[in-house]
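Report on one structure; see the data block that follows.
Every number here is computed from the coordinates shown, using simple stated rules; none is lab data. As the structure is a prediction and not an experimental result, all values here were calculated from the model. Positions of Cβ are backbone-derived with ideal geometry, glycine not excepted, and every protein chain shown enters the neighbour counts.
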C-alpha cells in the first residue's frame, strides 16, 4: 500500500445551533478552510467521502448528494458513510483506502451535522435510539446513556470508580475547551458543580453527557507521490484499525477485561500497523470518544495508556491533564469541545494534525510527534476506528 498523509484541515466553530446556516453552508465553510490550508483548489480533489450521521437530523434523505453538488463536485466520485458516532472515523478509513490502494491521489473527507433542525431534544434522542436492536433492546428502552452507563457501572463495581472520579473528567474537558476558540462549551467547573447537575440515568448526570452540536470539519488526504503539489508538509497516517461488535448487547461474547472490545481490537490493529508496541510512551496526545465522562476513564485502559483497572488512578494522578504524561482531549473532547456527530471523528483527526504541526495554540501539547484519534458508535461502542498519526 502507498503512504497516505493529511495536507489540509478546516472546520467551522461548533455551536448548539448555527441558526443562520444550512448543513451545505457549514460543509462549504470547512471545505474552503481545508483547501486554503493545503494551498489547493477544488479542482485538485478527485473523490469525496462524506461523514454525515443521521438523515433525521438534516431532514433530508441522501444529504451527501446535495452537498456534493452544491460544493461543485458533480461528476466526481462521492460516497457517504454512516456508522453512528464512529461515522467520522470510518469515513477517514474509507478515504485512506482510496488513496493507499492507488484508486485516487487526492481524497477529501467532509463531516457535517445540523442536529438543531429537529423539533426538540426528545425527537433527537428518539432518532438516535433507532440504532439499538429493534427487536428486543429498543422495546425495553435502550438508550446511549443506558448502554454506556452499564459499562461504567461494571467499572465502578469492580475497580471502585466513583461519580466524583467521573466528574474530574468533566472538569478537565470543559476546562480544556477554554483554550479552543471553536469549542461549544468552555466552562470553569468544580466536581461539586458536576455532581449537583440533574441525574439522567445512574450514575450519569447531565454534565457527564457529551454535547449536541452543529458544525463541520474537513481533511484532505493525499498519496506520498502527490504531496509536492500542496503547500503543507503531510502528517502521515501510519496506523488505521477498525472493528465491530454485535449490535445486540445481550448477545455479545464475554470480552474478558475489555468493556469495549471493538475499541480494543481497533487499537491493536492500528498499533500493529504503526509499529507501536508501548502506546503509553509512543503516543504524546490523544483525542478520544468521551461520549460520557466515565467512558473516557475506560478508554485509558482500552488504549493501553495504563493497566486494566488503573484508569481512575491514571486520571487522579494527572496523567491525561494538559501537563500530564499523556494529555487526552486537549480540544475539550465531546464533553467540552463539540459533538456534531458526523463531523466529530474528522475534527478529532484535524486536532491531532494541529498538535503534530505545533499549531494548536493555547491547547498545544509540547513535542508531539505521534497522536491518536478514535471514534466509536452504535450500541455501547459497536463500531470503533482508531488512527495513529505521525509527523
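Using the Kirkwood formula over every pair of different C-alpha atoms, what hydrodynamic radius in Å results for the stretch 1-107?
Computed over the stretch 1-107, the radius equals 14.6 Å.
Report the antiparallel proportion of the DSSP beta bridges in the chain as a percent, rounded to a multiple of 5.
So the antiparallel bridges in the chain amount to around 75 percent.
Can you give me the distance in nm between label points at residue 362 and residue 229, each placed 7 Å from the Cα along the Cα-to-Cβ direction?
3.9 nm
For the chain, what is the calculated [θ] at 222 nm in deg cm²/dmol (nearest 500), taking -39500 (n - 2.57) for each run of four or more DSSP H residues and dividing by its residue count?
My calculation for the chain gives -10500 deg cm²/dmol from helical runs alone.
Which of the three applies to the stretch 164-228, rounded, prolate or oblate, going by the alpha-carbon gyration tensor with a ≥ b ≥ c and a/c under 1.5 meaning rounded?
Since a/c reaches 1.5 and a/b is larger than b/c, the shape of the stretch 164-228 is classed as prolate.
Working from the pairwise distances between different alpha carbons, so that the mean of 1/r is found and then inverted, what is the chain's Kirkwood radius in Å?
20.4 Å
State the percent of C-alpha pairs, over all pairs in the stretch 75-183, separated by a distance greater than 20 angstrom.
66 percent
Whole angstrom only: what separates the Cα centroid of the stretch 139-179 from the Cα centroid of the stretch 93-115?
32 Å
Length gain on complete extension for the stretch residue 36 to residue 258, per 0.36 nm per residue less the alpha carbon to alpha carbon distance?
75.7 nm
If I model a spin label at residue 246 and residue 125 as a point 7 Å from the Cα along the Cα→Cβ vector, what separation in nanometres do I get?
Result: 2.7 nm between the two label points.
Is the C-alpha gyration tensor of the stretch 322-391 telling us rounded, prolate or oblate? Criteria: a/c under 1.5 is rounded; beyond that, a/b larger than b/c is prolate, otherwise oblate.
Verdict is prolate for the stretch 322-391.
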